[in-house]
Amino acid sequence: MVAQAFTVDLDKPLVFQVGHLEEEYQEWVHQPIVSKEGPRFFENDVLEFLTRTKWWAVPLIWLPVVGWANTAHYLLHGCHHKHPMDGLRLVFPPAAAAILCFPFWNLIKLFSTPSTTPGLFGGGLLGYVMYDCTHYYLHHGQPSSDPAKHLKKYHLNHHFRIQNKGFGITSTLWDHVFGTLPSTKTVDKST
């Protein structure tokens with residue numbers, strides 16, 4: 001018995017048909033059909049709607065995003081660099097952090113078991129709280145001994161002297177890894 005080749009029915013939604021073409025797909029897809037309006041992709045109206053885009057929708061949606069880049073950066077981090085001693089805008093706002101908890105929870109769920117997800121998430125959240133409290137202390141505390149005294153000098157050097165180096169707050173580890181460690185001489189001058 002000879003297997004009959006699969007034929008795509010252009011009167012039915014295409015997306016779930018094309019997989020049946022197997023090795024004949026490449027030849028099929030490179031034979032254009034010229035028409036003002038192409039065939040339907042999905043039977044579901046919402047999915048079908050999401051696959052169609054008027055040309056003017058691209059600039060209408062994405063040009064404002066391009067213009068928001070500075071605004072978004074300023075809101076998320078730039079304000080901290082412009083006003084580094086503003087104690088009320090130094091740590092990440094809890095409302096924004098709470099919103100970000102959902103994608104992080106789901107990301108952890110992808111890579112862990114149901115019984116370890118809460119522990120990993122809680123540990124990550126505790127790390128974030130410690131990081132933000134340390135960051136606040138480095139700006140507003142008066143450490144008298146190392147390592148906090150050194151970290152304060154290191155971090156304020158990032159704000160007031162060399163903004164493109166010394167990104168580490170609780171440690172210089174990642175500045176070593178990414179080659180963004182400022183020279184020791186520069187850090188010592190900030191005393």
Problem set entry | Label assignment, percent of Cα pairs over 28 Å apart derived from the structure, set (1) 58; (2) 26; (3) 46 | (1)
For this session: Pick out which of P13, P114, P143 has the largest mean-square fluctuation in a Gaussian network model of the chain, springs linking Cα atoms closer than 10 Å.
Result: P13
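Semi-axes of the equivalent ellipsoid of segment 29-79: what are they in whole Å, largest first, if each equals the square root of 5 times a C-alpha gyration tensor eigenvalue? If you can, show how the numbers build up before the last one.
Working: eigenvalues 267, 38, 19 Å².
Three semi-axes, in Å: 37, 14, 10.
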For this session: Rank V129, V177, V29 by mean-square fluctuation in a GNM of the chain with C-alpha springs under 10 angstrom and give only the top-ranked residue.
Result: V29
Exercise. Quick one: helix 57-73 against the long Cα principal axis of the chain, what's the angle to the nearest 10°, folded into 0 to 90?
Worked result: 10
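Multiply the residue separation of I33 and K109 by 0.36 nm, subtract the distance between their alpha-carbon atoms, and state the gained length in nm to one decimal. Working shown, then result.
Working: separation 76, 0.36 × 76 = 27.36 nm, distance 4.42 nm.
That works out to 22.9 nm of additional length.
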Seminar exercise, completed: Exposed-loop cut sites defined as GluC sites (Glu not before Pro) in DSSP loop states with at most 14 other Cβ within 10 angstrom; longest site-free run of the chain spans 44-191
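Would you work out the Kirkwood radius for segment 1-44? I mean one over the mean of 1/r across all pairs of different Cα atoms, in Å. Don't jump to the answer; show the numbers that get you there.
Details: mean 1/r = 0.0850 Å⁻¹.
Evaluated on segment 1-44, it is 11.8 Å.
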Seminar exercise, completed: Once all protein chains are kept in place, R52 shows an accessible area at probe 1.4 Å, nearest 10 Å², of 110
Problem set entry | Mean accessible surface per residue for segment 92-135, computed with a 1.4 Å probe while every protein chain stays in place, in Å² | 72
Exercise. How fast does segment 92-135 diffuse by Stokes-Einstein, in µm²/s, taking the Kirkwood radius from C-alpha pairs at 20 °C and 1.002 mPa s?
Worked result: 195
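Which percent of the accessible area of segment 1-52 is formed by carbon and sulfur heavy atoms (probe 1.4 angstrom)?
58
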Problem set entry | Qualifying chymotrypsin sites (Phe, Trp or Tyr not before Pro) for segment 1-74 [loop in DSSP, other Cβ within 10 Å: at most 10] | W55, W56
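The values are calculated or read from the model by the stated rules, or taken from the named source; none is laboratory data. Note that the coordinates shown come from a computational prediction; the quantities given were computed from them, not determined experimentally. As a convention, Cβ positions derive from the backbone with ideal geometry for all residues, glycine included, and neighbour counts pool all protein chains shown. Ligands, DNA and RNA are excluded from the accessible area calculation, which covers all protein heavy atoms including side chains. Shrake-Rupley method; radii C 1.70, N 1.55, O 1.52, S 1.80 Å.
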